[in-house]
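Please read the structure below before turning to the comments.
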Amino acid sequence: MFSAAHFGEVDLEILREEAVKQALRDHEGLVCSHQVVEERRLGTLWSVVGHPCERQLDIAAGSPCQAAYRTVSF
Ligand SMILES: [Zn+2]
């Protein structure tokens, strides 16, 4: 059975994870990049958020603003 405090911790963790993913999607700071420089296309190839205690990685293959994160366990 879950307590109210447990749900609070879970919600906080989800908020932290989403904040990290939002930062990785940032275009103003060029974290997620889509540019053409001197006729060369430059951009973010992939993005990863690690959950070492759960032994999981959330991986977006491609620009994180366009590709969905998929969870991989190791
Ligand atoms: Zn982007």
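The values are calculated or read from the model by the stated rules, or taken from the named source; none is laboratory data. Here the structure is a predicted model, which means the values were calculated and not measured. Because the Cβ atoms are built from the backbone with ideal geometry, glycine has one as well, and the counts that use them run over all protein chains shown.
Overview of values
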item	result
Selection count, segment 46-58, where residues are within 18 Å of Ala19 (Cα to Cα) and either exposed (fewer than 10 other Cβ atoms within 10 Å of the Cβ) or within 16 Å of the ligand (Cβ to nearest atom) (or both)	5
Any hit, segment 28-45, residues being part of a loop (DSSP other than H, G, I, E, B), touching a Phe, Trp or Tyr at 6+ places or on another chain (Cβ under 9 Å) and more than 16 Å from the ligand (Cβ to nearest atom)	no
Where Lys21 falls short, out of the listed (1) on the phi > 0 side of the Ramachandran plot; (2) at pLDDT 95 or above	(1)
Failed criterion for Asp11 (all others in (1) surrounded by 13 or more Cβ atoms within 10 Å (Cβ to Cβ); (2) at pLDDT below 95 hold)	(1)
